[in-house]
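Colleague: Quick one: this structure, given as structure tokens, is what I'll be asking you about.
The values are calculated or read from the model by the stated rules, or taken from the named source; none is laboratory data. Everything quoted here is computed from the prediction, not taken from an experiment. So basically every Cβ, Gly included, is an ideal-geometry build from the backbone, and we count neighbours across all protein chains shown.
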Amino acid sequence: MEPFKRLRGIVAPLDSLNVDTDQIIPKQFLKRIERTGYENFLFFDWRYLDDGETPNPAFEMNAKRYQGVSILLARDNFGCGSSREHAPWALYDYGIRVVLAPSFADIFYNNCFNNGMLPVRLPADTIERLFKEVRAQDGYELTISLIDQQIVTPDGSVISFDIDPFLKERLLNGWDQIGLTLRHEPKISAYEKRGQAPFSRS
Amino acid sequence: MAKNIYEKIWDAHLVHEEPGQDAILYIDRHFVHEVTSPQAFEGLRLTGRKVRRPELTFATMDHNIPTTDRSRPIDDPLSAQQVETLAQNCRDFGVRCFDMHDRRSGIVHIIGPELGITQPGQTIVCGDSHTSTHGAFGALAFGIGTSEVEHVLATQTLLQRRSQTMEIRVDGKLPVGVTAKDVILAIIGKIGTAGGTGYVIEYTGSVIRALSMEGRMTVCNMTIEAGARAGLISPDATTTAYLRGREFIPTDPSFEVLAAEWIRWASDAGCRYDRTLVLRGEDIEPQVTWGTSPGMVTTIRGRTPVLAELTDANERLAAERALGYMGLPEGTPMTEVAVNRIFIGSCTNARIEDLRDAAKVAKGHKVHSGIDEAIVVPGSQQVKLQAESEGLDRIFVEAGFEWRESGCSMCLAMNADKLEPGDRCAATSNRNFEGRQGKGGRTHLVSPAMAAAAAIRGRFTDVRDWTFK
């Protein structure tokens, strides 16, 4: 997994509450057995007109100024619904590395960290302010430092954010979760030998 | 110290814990389906890893499979490839697989309990958000992503952090005509689709105790729609009675010994929760969703919202957008909303009791002329056989419903069963998201009895006033 440390990039707004993973990537694209190549399916039903090809001019992210986006600005409960990891895969393949929102759905939040993506929870009024700023200024960029847990806006103001230290460490190092766990393999074996669990009977 | 059931299961499954890190939790049962597993098995191949405990891993195909004639190959080549990929992965890695021709097959969250693979006190995961269903048995069960599926296959463990706990107590008694589906929709309507975020919910109270295992599964199933990590119900005599004699229940030790062990997982008297919410069963009415999120719900006597009455600007915007998508004016009484498609099925509501409820309403009636298609999709082949032995299939067919093979079907429309743009569907499933059942399709979530009543009347109707024949 690619480590995530610091990023400066274009911000795009997605002004919708409760964006579910069915919207992030609709079901017809979950039939693939590959892990990459999902960029064209991101927000498919919103992004294209009914022909599935023509970009929908009403979809804000389609505007020219948001091309090359790497930071998505979103609303409450982003990523709710289905557990499909295809949602972070599609965002990642489209170029998005950071999602800023007041809150995230639990499974989506975890899935991000397994794909080198940083979801950042920010207070609702900060998100509101960023929505205003990004729309007011063409080419609006943010600089995000995971090491410092800070976001710097174009006018130089600094927004700090909280993140669990273990998740931060994993992202900074791009650690493979399975590798981490297998360092404790003897403990897994010991647990299985103890057979303390009637629930483990097969 | 008195512990709640979540704390008991968590403590008993801790493999390793150190400050500042996620704990390593042992996983007792891992369910696998064709959509969220191919990349996980591929990951094992690329790293030369094996499935650590294949005997604790159970696979089935449910999302892509046709609900029509199964003697023919699957039409969609991508669906066929995904189904075959799982079959091949199971052969390569030694995992037990119930394919669609196996009489034990069905939706993964229906067959786990039905076969007795799901048991109290277990930790259960699956790459599927509705894994919360298994919590009805007093198991800690939740959905995971594909990277985590690979992690569980490789290590039989998962990295987890302890959740907060919320008790949702439903006191009193449910009125006649009000079901488990109405209970959970009313709860989501109350706490919102993010109301459970960060929590594991335990459902308690006399209404929950009085529910059958099937009703409890419906409640736990939609816990994810409230944003919670998992939902569970402490095991009791209803739980153990359901499990007796099921195929994967061990025969040694005796059932009595097992049942006594299971009951001990129940929350201790005087245990604590981080938050408690209380509802009265008597206050709950049949529910219908009006919007594009399960929290956008009202009662059958309710109306779609009036935008000017919504005080929160973001909420108002969301409601306006949802009404636009749903093609419904503000303030529309739900009983005036006409539908043209009916879907009775899904891991939420396709067990035998659900089909009995729907058949009881449909019996002796005819599907309304305004309905273009009404399908009944049993949750598993066993449910299908049971329903047929009770003659439910004949009741449905005589009324004008189609009787199908089991599977996820039009809950998420990955197979051929889907809504067309503009279709309006009364569905017993769990999600009314935009396009969930087909692009441009409009979904209203209801109980099986309410869906059957909508099929007969062509519009939503209060099942409490139904004339049963």
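Colleague: Applying the selection to the stretch B:182-228, what residues are within 17 Å of B:S267 (Cβ to Cβ) and within 14 Å of chain A (Cβ to nearest Cβ)?
Modeller: Within the stretch B:182-228, B:Y199, B:V200, B:I201, B:T223, B:A228 qualify.
Here's the yes/no breakdown for (1) assigned to a loop (DSSP other than H, G, I, E, B); (2) at pLDDT 95 or above; (3) farther than 29 Å from B:T179 by Cβ:
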{"position": "B:T240", "(1), (2), (3)": "no, yes, no"}
{"position": "B:E256", "(1), (2), (3)": "no, yes, yes"}
{"position": "B:Y273", "(1), (2), (3)": "yes, yes, no"}
{"position": "B:V278", "(1), (2), (3)": "no, yes, no"}
{"position": "B:T292", "(1), (2), (3)": "yes, yes, no"}
{"position": "B:A319", "(1), (2), (3)": "no, yes, no"}
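Colleague: I'd like to check something: does the stretch A:88-98 contain any residue that is under 9 Å from the mean Cα position of the chain (by Cα), more than 20 Å from B:E148 (Cα to Cα) and either among the polar types (S, T, N, Q) or not in a helix (DSSP H, G or I) (or both)?
Modeller: Within the stretch A:88-98, one or more residues are under 9 Å from the mean Cα position of the chain (by Cα), more than 20 Å from B:E148 (Cα to Cα) and either among the polar types (S, T, N, Q) or not in a helix (DSSP H, G or I) (or both).
Colleague: How do the pairs read when you match residues in the stretch B:270-281 that are in contact (Cβ under 8 Å) with a residue 60 or more places away in the chain with residues anywhere that are basic (K, R) and surrounded by 13 or more Cβ atoms within 10 Å (Cβ to Cβ), using Cβ under 6 Å and keeping only pairs 6 or more apart or on different chains?
Modeller: B:C271/B:K3; B:V278/B:R169; B:G281/B:K173
Colleague: Can you say whether B:L419 is within 14 Å of another protein chain (Cβ to nearest Cβ) and crowded, with 18+ Cβ neighbours inside 10 Å, as far as the supplied structure shows?
Modeller: Spelling it out, B:L419 is indeed within 14 Å of another protein chain (Cβ to nearest Cβ) and crowded, with 18+ Cβ neighbours inside 10 Å.
Colleague: Out of all the residues in the stretch B:9-40, which are of a type outside the set (S, T, N, Q), assigned to a helix (DSSP H, G or I) and touching a Ser or Thr at 6+ places or on another chain (Cβ under 8 Å)?
Modeller: The answer is B:I9, B:P38, B:A40.
Colleague: Turning to a different aspect of this structure: Give the residue that is farthest from the other protein chains (Cβ to nearest Cβ), with candidates limited to residues of the stretch A:102-126 that are in a helix (DSSP H, G or I), surrounded by fewer than 24 Cβ atoms within 10 Å (Cβ to Cβ) and touching a residue at least 12 places away in the same chain (Cβ under 8 Å).
Modeller: Applying the filter and picking the extreme gives A:T126.
Colleague: So for the stretch A:174-183 (the condition being surrounded by fewer than 16 Cβ atoms within 10 Å (Cβ to Cβ), at pLDDT 90 or above, facing chain B (nearest Cβ under 10 Å) and under 22 Å from the mean Cα position of the chain (by Cα)), does at least one residue qualify?
Modeller: No, the conditions are met nowhere in the stretch A:174-183.
Colleague: Hey, another quick one. Is at least one residue of the stretch B:341-357 surrounded by fewer than 16 Cβ atoms within 10 Å (Cβ to Cβ) and either small (G, A, S) or closer than 17 Å to B:T179 by Cβ (or both)?
Modeller: Checked the stretch B:341-357: no residue is surrounded by fewer than 16 Cβ atoms within 10 Å (Cβ to Cβ) and either small (G, A, S) or closer than 17 Å to B:T179 by Cβ (or both).
Colleague: Restricting to the stretch A:141-155, count the residues that are part of a strand (DSSP E or B) and either touching a Phe, Trp or Tyr at 6+ places or on another chain (Cβ under 6 Å) or touching a residue at least 60 places away in the same chain (Cβ under 8 Å) (or both).
Modeller: Residues that pass the stated criteria total 5.
Colleague: Consider only pairs whose beta carbons are under 8 Å apart and that are at least six residues apart or on different chains; among these, list those whose first residue lies in the stretch B:246-263 and is exposed (fewer than 12 other Cβ atoms within 10 Å of the Cβ) and whose second residue is of a type in the set (K, R).
Modeller: The qualifying pairs are B:E247/B:R104.
Colleague: Oh, and also: Tally the residues that are buried (at least 20 other Cβ atoms within 10 Å of the Cβ) and within 23 Å of the chain's Cα centre (by Cα), restricting the search to the stretch B:268-280.
Modeller: Here the count works out to 0.
Colleague: Among the residues of the stretch B:44-58, which ones are outside any loop (DSSP other than H, G, I, E, B) and more than 8 Å from chain A (Cβ to nearest Cβ)?
Modeller: Of everything in the stretch B:44-58, those that are outside any loop (DSSP other than H, G, I, E, B) and more than 8 Å from chain A (Cβ to nearest Cβ) turn out to be B:L44, B:R45, B:L46, B:P54, B:T57, B:F58.
Colleague: Further question: From the set of residues in the stretch A:29-43 that are buried (at least 20 other Cβ atoms within 10 Å of the Cβ) and more than 7 Å from chain B (Cβ to nearest Cβ), which is nearest to A:D93 (Cα to Cα)?
Modeller: Among them, the one singled out is A:Y38.
Colleague: If you don't mind, another one. If only one of B:T204, B:T240, B:T218, B:T197 is under 23 Å from B:E285 (Cα atoms) and surrounded by fewer than 24 Cβ atoms within 10 Å (Cβ to Cβ), which one is it?
Modeller: Selected residue: B:T204, the only one of B:T204, B:T240, B:T218, B:T197 that is under 23 Å from B:E285 (Cα atoms) and surrounded by fewer than 24 Cβ atoms within 10 Å (Cβ to Cβ).
Colleague: I've got another one for you. Testing B:V95 on (1) in contact (Cβ under 8 Å) with a residue 60 or more places away in the chain; (2) surrounded by fewer than 24 Cβ atoms within 10 Å (Cβ to Cβ); (3) within 12 Å of chain A (Cβ to nearest Cβ); (4) among the aliphatic types (A, V, I, L, M), one condition comes back false. Which one is that?
Modeller: (3)
Colleague: Let me confirm something: among B:R275, B:R264, B:R280, B:R246, which residue is under 21 Å from B:I187 (Cα atoms) and touching a helix residue (DSSP H, G or I) at 6+ places or on another chain (Cβ under 9 Å)?
Modeller: B:R280
Colleague: Also, I was wondering about something else. What is the residue count in the stretch B:20-43 for residues that are surrounded by fewer than 21 Cβ atoms within 10 Å (Cβ to Cβ), at the interface with chain A (Cβ under 10 Å from one of its Cβ atoms) and not polar (S, T, N, Q)?
Modeller: Final tally of qualifying residues: 3.
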